[in-house]
Structures are given as C-alpha cells and as structure tokens.
1. Please indicate, with yes or no, whether at least one residue in the stretch 47-57 is out of contact with any Phe, Trp or Tyr (no Cβ under 9 Å at 6 or more places or on another chain), in contact (Cβ under 8 Å) with a residue 60 or more places away in the chain and open to solvent by 60 Å² or more (accessible area, probe 1.4 Å).
2. Report the residue count in the stretch 94-106 for those that are surrounded by 15 or more Cβ atoms within 10 Å (Cβ to Cβ) and outside any strand (DSSP E or B).
3. Looking at G122, G83, can you tell me which residue is in contact (Cβ under 8 Å) with a residue 24 or more places away in the chain and surrounded by fewer than 17 Cβ atoms within 10 Å (Cβ to Cβ)?
Amino acid sequence: MSRRAPRTPNALAGEAGFTLLEVLVALLVAMVGLIGTVAFQHTVLRATLAANDSQIATQLAVRTMEELNTRRTQAAPFIDALGPIATGAWTDPVFLDSQGRQSAAWSATARWRMRTRVTDLGGGQPYNLSVEISYSIDSENPKLTRIDSERRKTW
C-alpha cells in the first residue's frame, strides 16, 4: 500500500485561484464587449431618430400636397385658386414643427423647412405641384423629402 505525501502550503499556492494578470485580461475583454454594446445602442438610437424625422417630413409634405390639391379649379362658375400662386418659383421657406405649425425661424422643435412650387404649364395643360421638406438632426448635410404631382384643370 502506498502512502501519499501530505501536501504542503507551497504546493497548493499554484492551484489556489486566478492570478492578477488573468483577472485584468478578463476585465479587458468584458470592457471591449461593453463598449461595443454601447456603440451599437448609440447607432440604433440615431437611426431611430433619423427614421422618425423622415416620417414626420413625409407626413408634412403629404399634408401640404393635399391642401394644394383641394384648391378648386373649375370652369363654371370659373374658379382657379391655383392660378394666383402659380409663379413657377419656390416659395420662401417656412419652418414647421412636427404638428405642422409654422415658425418664422428654425428652432429645436421647428426643424423642418418647407418650400412649395406651383407651375402653370399653360392652357389645357396641368399645374405641376411640388412640396419640398428638408431637415437635419445634426450638422450633417440636410435630408430632403420631395413630392411632385400634377393637378389637371377641369375647364
């Protein structure tokens, strides 16, 4: 029968736990993963804000186009509500908030800039209607939403 030698405290020292270097490497790996997660969340948040602003710009453009399309153009009795505004030039820009309320200048809430253009192509030809909304959530190049439409004359 063989008898094992008792373990000494020096023999157990190498097997007792993690070294300081192993702990630091584990913390480094965990921090890299955490930084990656935070960067990903930041990217997702920016994309969500950009999509929200784009959706609001589209709604504002559609609402303005519908307002232009509801102006009456008929022959009897003769009413041409688009004629007086059919200059073919872009209007002066107005700033809108997310609800469509106008503001004289850009602000944190009124950050969508709208211009419209109505062009009369002549007798028997339709009006060309254009609505342009530009916006930017930061100092990058502004984003643009534009809707063009034809409005037939009924005379």
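The values are calculated or read from the model by the stated rules, or taken from the named source; none is laboratory data. Since the model is a prediction, treat every value here as computed from it, not as a measurement. Positions of Cβ are backbone-derived with ideal geometry, glycine not excepted, and every protein chain shown enters the neighbour counts. Ligands, DNA and RNA are excluded from the accessible area calculation, which covers all protein heavy atoms including side chains. Shrake-Rupley method; radii C 1.70, N 1.55, O 1.52, S 1.80 Å.
1. Narrowing the stretch 47-57 to residues out of contact with any Phe, Trp or Tyr (no Cβ under 9 Å at 6 or more places or on another chain): 47-52, 55.
When the remaining residues are screened for being in contact (Cβ under 8 Å) with a residue 60 or more places away in the chain, the result is 49-50.
Pick out the ones that are also open to solvent by 60 Å² or more (accessible area, probe 1.4 Å) and you get 49.
Yes - at least one qualifying residue is present in the stretch 47-57.
2. Looking only at that region, the number is 2.
3. Values: G122 fails: in contact (Cβ under 8 Å) with a residue 24 or more places away in the chain.
The unique qualifying residue is G83.
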